[in-house]
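> Structure provided below as structure tokens; questions to follow.
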Amino acid sequence: MVLCIEYFPLILENRQINRLGFFHGMAHHLHEAMPTIAAIGVFLSFFHQGSLGGVPGVLYGRPFAFREGFLVWPWTFFLFVLSAIACGPCFTILITWITEKCAGKRLVKRNVIDILAKISGRLLVVYLILKTLDTVYWVAIAGKVGAPFSSFYANQPYGYWVLITELGIFGVIPALILLSAKARQIENVLIIACILNCAGIFMNRWIMTVQSLAVPVMSFDKFVSYHPNWVEYASTFMFVWAGAIVIMLSYRYLPIFPQEKELNPL
């Protein structure tokens, strides 16, 4: 509901709709209230991402995910929040880049993209440091409760490559690129870094969800794999395509890129 309210002023700023006095005034008043609405959205997003990490973090019977915590929140709560905000600017860059390629024109100034990439790189470094410390702590605690480190990666296809890929390929590499001013100026390299960053956060969610529940914790348990059918894939991609349609219609009819005219003079 908050996202819809945040999006609504854009609809009212459509050139045809904005000509009507009632809707013009409504858009003006909504813009005045938008800081408060945006703050509510940030608050809800904060706890949405945190709850995703907090759920596996309180599973006492699952040593892969269980963590100590701060007050009522396990550390995974804050790691999920930090990883989300480290990924967000890169995801914004990717959406903008895809839209530019489809439109065949520049839509955002280069310095704006560079600022977003720099912010994402710094946040990603902080996240990787805390995530590494958390992993080292987790390995020590798990060993004390009778769950050796190797036991979490004994079931294929969840081998050691999972950990190396998440923190190394999808973590360290994009962080180095995003922190390098020269690398950020090369568009293809920057896009690769953004893709790796987003893929790393996606993989983190996949690992913390699937492995937390799938890795056997009892000697008589068996590791069972599950493969979704085409209907489950289709229902998932339906929301992705719905989002793509909203973006396309927004670009066509709404002023979502105010720098477009400046960058593409007639």
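> Can you tell me how many residues in segment 142-153 are modelled with pLDDT of 80 or more and part of a loop (DSSP other than H, G, I, E, B)?
Adding up the residues that qualify gives 1.
> Go through segment 50-101 and count every residue that is closer than 28 Å to I191 by Cα and of a type in the set (D, E).
Result for segment 50-101: 1.
> So if I check each of G69, G25, which one is over 30 Å from K118 (Cβ atoms) and surrounded by fewer than 15 Cβ atoms within 10 Å (Cβ to Cβ)? Show your work before the answer.
Details: G69 fails: surrounded by fewer than 15 Cβ atoms within 10 Å (Cβ to Cβ).
The unique qualifying residue is G25.
> Any residue at all in segment 101-119 that is among the small types (G, A, S) and either free of Cβ contacts under 8 Å to residues at least 12 places away in the same chain or touching a strand residue (DSSP E or B) at 6+ places or on another chain (Cβ under 7 Å) (or both)?
As a first pass, look at segment 101-119 and keep what is among the small types (G, A, S): 103-104, 117.
With either free of Cβ contacts under 8 Å to residues at least 12 places away in the same chain or touching a strand residue (DSSP E or B) at 6+ places or on another chain (Cβ under 7 Å) (or both) added as a condition, the list becomes 104.
Yes: one or more hits.
> Do you know which of the residues in segment 158-194 that are aromatic (F, W, Y) and part of a helix (DSSP H, G or I) is farthest from T92 (Cα to Cα)? Outline the logic, then answer.
Step one: of segment 158-194, the residues aromatic (F, W, Y) are 158, 160-161, 170.
Among the residues that remain, those that are also part of a helix (DSSP H, G or I) are: 161, 170.
Values: W161: 28, F170: 17 Å.
Filtering segment 158-194 for residues that are aromatic (F, W, Y) and part of a helix (DSSP H, G or I), the one farthest from T92 (Cα to Cα) comes out as W161.
> Here is a further query. Taking the condition under 30 Å from K261 (Cα atoms) and either crowded, with 18+ Cβ neighbours inside 10 Å or in contact with a strand residue (DSSP E or B) (Cβ under 7 Å, 6 or more places away or on another chain) (or both), does C87 pass?
Details: under 30 Å from K261 (Cα atoms): yes; either crowded, with 18+ Cβ neighbours inside 10 Å or in contact with a strand residue (DSSP E or B) (Cβ under 7 Å, 6 or more places away or on another chain) (or both): yes.
For C87, the condition - under 30 Å from K261 (Cα atoms) and either crowded, with 18+ Cβ neighbours inside 10 Å or in contact with a strand residue (DSSP E or B) (Cβ under 7 Å, 6 or more places away or on another chain) (or both) - is met.
> Wholly within segment 1-103, which helices (runs of 4 or more DSSP H) include no fewer than the required count, namely at least 1 residues that are modelled with pLDDT of 85 or more and under 15 Å from the mean Cα position of the chain (by Cα)? Give the steps one after another, and end with the answer.
On the way: elements: 2-12, 21-57, 75-103.
Here the list reads 21-57, 75-103.
> Related question: Hey, among the residues in segment 193-234 that are β-branched (V, I, T) and within 13 Å of C87 (Cα to Cα), which one's surrounded by the most Cβ atoms within 10 Å (Cβ to Cβ)? Break it down into steps so the answer makes sense when it comes.
Looking only at segment 193-234, we keep the residues that are β-branched (V, I, T), and these are 195, 201, 207, 209-210, 215, 217, 224, 231.
Narrowing further to those that are within 13 Å of C87 (Cα to Cα): 195, 201.
Details: I195: 16, I201: 22.
Applying the filter and picking the extreme gives I201.
> Just one of V81, V55 is closer than 24 Å to V139 by Cα and surrounded by fewer than 20 Cβ atoms within 10 Å (Cβ to Cβ); which is it? Give the steps one after another, and end with the answer.
Numbers: V81 fails: surrounded by fewer than 20 Cβ atoms within 10 Å (Cβ to Cβ).
On inspection, the qualifying residue turns out to be V55.
The values are calculated or read from the model by the stated rules, or taken from the named source; none is laboratory data. Given the structure is predicted, the values throughout are model-derived calculations rather than measurements. Here Cβ is always computed from backbone atoms with ideal geometry, including for glycine, and neighbour counts include all displayed protein chains.
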